[in-house]
Each structure stands twice: as C-alpha cells, then as structure tokens.
Amino acid sequence: MRSKIVLARMLRNPQSRYGLLALALLLLLAYAGPFLSPHDWTDKDFLAFMEPPSFDEDGHWWGTTQIGQDVYAVTLRGMQKSIVIGFLVALFSTGLAALVGATAGYVGGWVDKALMWATDLLLVLPSFLIIAIVSPRLKGGSWLWFVVLLALFSWMITSRMVRSMTLSLREREFVAAARYMGIPAWKIILRHILPNISSLLIIDATLNVSAAIIGEAALSFFGFGIQPPDVSLGTLIADGSAKAIGYPWLFAFPAGLLVLLVLSVNLVGDGLRDALDPGSNQ
C-alpha cells in the first residue's frame, strides 16, 4: 500500500516523471540497443578508421574509433558497465552503512566506539588516492574488485545518520518490548530498526548510484578504473577527449550519455526523497 502511495507522489512530481522516463529510455538503449546494430562492440572494421557517423546500410551510426570499432556498439557496452557498477556500489555501500550504523547505535558501548572510530578513520583517508594506488595492482583481476573499492569508501556518512536514527529508535516502546521478550539483538535490528529507516536507505541507495557512476568515470578517465579490453563511459571519454575537436563523435556520445544518466538518476532520487518525506521540500 505504501509503495503505491510513494509511486503516486512521484508521478505527480514533474521532475521525477522526467527522471523516470529518461532513466527507463537509457536502460532500454543500453540493454536493447545493441541488438539493433549490425556491429558488435568487439568488431573492428579495418576499412573504416575514424569514420564520421553514417546511416548507410551496415554503416556506423555513431562513427568509428581509431581502431575501427563501432562507436554506437562500444558506447552502449560502456554504459552497461557503468550502470552495473553504479547499482552494485550503491547496493553494497548502503547495505554496509545500514549494518554498521544500526549495530553501533543499537549495541552501544565499546562496539559503538570501535565502529565509529573505524568510520571516522575512513572519512579522513583520501579515498581517490588510495583507490588510484591499489587499482594498478588489480589490473589482472576482476572489475568486481573495483566495485568493492568504491563501495568501501562510500558508506561512512550514511552509517553515522543510521546510527543517530537507531539511537532514537532504540528507546521506542516496540523495541523495548522486543528486547524484554528476549529477542536477539540481530533480529531486533532486522525486524524493527532497519524497516523504520528504510526511507533513508532507499534514498541513499538511489543517490549513491549517480555518485558511483561519476566516481567510476573519473577514476577510469585517469586510468585507475576499468581496464582494457573492457570499456566504460569513463574510459571512452578519456580516449575521445584528446580527439574531441577533430573527431567530436568519439567524445560527444559517451560524455552526453554520462550526463543524461547521472541527471536522470538524480531526478529520480530527488523524487523519491520528496515522495517518502513530503515535508523535505518545504
């Protein structure tokens, strides 16, 4: 019932409607678009280096790269990877924030102090520099290690918010009743604490998607993220930026899709915040 109310509120908000529509179209383009193209992202046309966009039969709709790859196909492949990374980082970081914050707030004592000390330590560490140092040592590994690195530096602020809300919920009657009934702490956290802060977690996860996509693009732009032969929007922007003036299609398409993707996710996140907490925009 609540989900229907939230959806109705979102659909009444013009910005969230535009964001949902744009995000749906981008997801459709990323995952259905490759089936419309006669070229695969791994194909190389050795007779078409740096060709401009062409709509001829079997042509390259968004042009080709310096090694003959179809820009349309390789850009959609890069967008797929950026989307997957964004959603996985958001899922892992929000889950970790919920676990650490709720445990610290509910258990208290030395557990609270230890977890918050670790949280504060990670907050002051230069995350970009650490990922840049560690990433080259993972070049032979899976891109999932890159997801783990991004998630490890994306949860701390949310965990402190979760802890503050848990400290308040811990004193509520229904939590005290569950505690007096002898229900284990982990069950109380899962059944009573986390459901009551779900609005915060949903909003945080949504906004973390765009933050992770931007973080991945920035790190990949400098060569610390996704490694060849795989691609992401960040690697494509890095490759196309040096040739943007003479061959603008190499830069314009991945950069444009990155902007649209981040903007649409942010609009959806803002719409979710307003729908879950109508007083937040007053």
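Overview of values
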item	result
Selection within the range 41-71 - farther than 19 Å from Ser82 by Cβ and under 32 Å from the mean Cα position of the chain (by Cα)	Asp43, Lys44, Met50, Pro52, Pro53, His60, Trp61, Gly63, Thr64, Gln66, Ile67, Gly68
Those residues of the range 20-41 which are buried (at least 16 other Cβ atoms within 10 Å of the Cβ) and not hydrophobic (A, V, I, L, M, F, W, C), in sequence order	Gly33, Pro34, Ser37, His39
Out of Arg170, Arg179, sole residue that is out of contact with any strand residue (DSSP E or B) (no Cβ under 8 Å at 6 or more places or on another chain), surrounded by 14 or more Cβ atoms within 10 Å (Cβ to Cβ) and without any contact (Cβ under 8 Å) to a residue 24 or more places away in the chain	Arg179
Flag if Ser159 is under 15 Å from Asn208 (Cβ atoms) and outside any helix (DSSP H, G or I)	no
Whichever residue in the range 241-266 is of a type in the set (Gly, Ala, Ser) and at pLDDT 90 or above and, among such residues, is surrounded by the fewest Cβ atoms within 10 Å (Cβ to Cβ)	Gly256
Positions within the range 52-75 being in contact with a strand residue (DSSP E or B) (Cβ under 7 Å, 6 or more places away or on another chain), modelled with pLDDT of 85 or more and not hydroxyl-bearing (Ser, Thr, Tyr), in sequence order	Asp70, Val71
Where Ile203 falls short, out of the listed (1) at pLDDT below 90; (2) more than 30 Å from Ser264 (Cβ to Cβ); (3) assigned to a helix (DSSP H, G or I)	(2)
Residues that are buried (at least 19 other Cβ atoms within 10 Å of the Cβ), of a type in the set (S, T, N, Q) and either in contact with a Cys (Cβ under 8 Å, 6 or more places away or on another chain) or part of a helix (DSSP H, G or I) (or both), drawn from the range 115-156	Thr119, Ser135
Criterion violated by Pro229 - all others in (1) surrounded by 15 or more Cβ atoms within 10 Å (Cβ to Cβ); (2) part of a loop (DSSP other than H, G, I, E, B); (3) not small (Gly, Ala, Ser) satisfied	(1)
Qualifying residue in the range 68-81 (condition: in contact with a Ser or Thr (Cβ under 9 Å, 6 or more places away or on another chain), assigned to a loop (DSSP other than H, G, I, E, B) and surrounded by 16 or more Cβ atoms within 10 Å (Cβ to Cβ))	yes
Residue, surrounded by the most Cβ atoms within 10 Å (Cβ to Cβ), within the range 82-114, restricted to residues that are closer than 16 Å to Tyr31 by Cβ and in contact (Cβ under 8 Å) with a residue 24 or more places away in the chain	Ser82
Answer residue from the range 194-226, given it is closer than 30 Å to Arg163 by Cβ and small (Gly, Ala, Ser) and is surrounded by the most Cβ atoms within 10 Å (Cβ to Cβ) among those	Ala212
Condition check for Ala275: small (Gly, Ala, Ser), over 23 Å from Ser154 (Cα atoms) and in contact (Cβ under 8 Å) with a residue 24 or more places away in the chain	yes
Breaking point among (1) closer than 15 Å to Ala218 by Cα; (2) more than 20 Å from the chain's Cα centre (by Cα), for Phe128	(2)
Residue count, the range 236-268 (criterion: among the aliphatic types (A, V, I, L, M) and in contact with a Pro (Cβ under 8 Å, 6 or more places away or on another chain))	2
Hits in the range 138-163 (condition: in contact (Cβ under 8 Å) with a residue 60 or more places away in the chain and of a type in the set (Gly, Ala, Ser))	Ala151, Ser154, Ser159
From the options Ser37, Ser16, residue that is of a type in the set (Gly, Ala, Ser) and in contact with a Gly (Cβ under 6 Å, 6 or more places away or on another chain)	Ser16
Residues of the range 1-55 classified as in a helix (DSSP H, G or I) and of a type in the set (Val, Ile, Thr), total	2
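The values are calculated or read from the model by the stated rules, or taken from the named source; none is laboratory data. Please read these numbers as outputs of a predicted model, since none were measured by experiment. Counting neighbours? That spans all protein chains shown, and the Cβs are built from the backbone with ideal geometry, glycine included.
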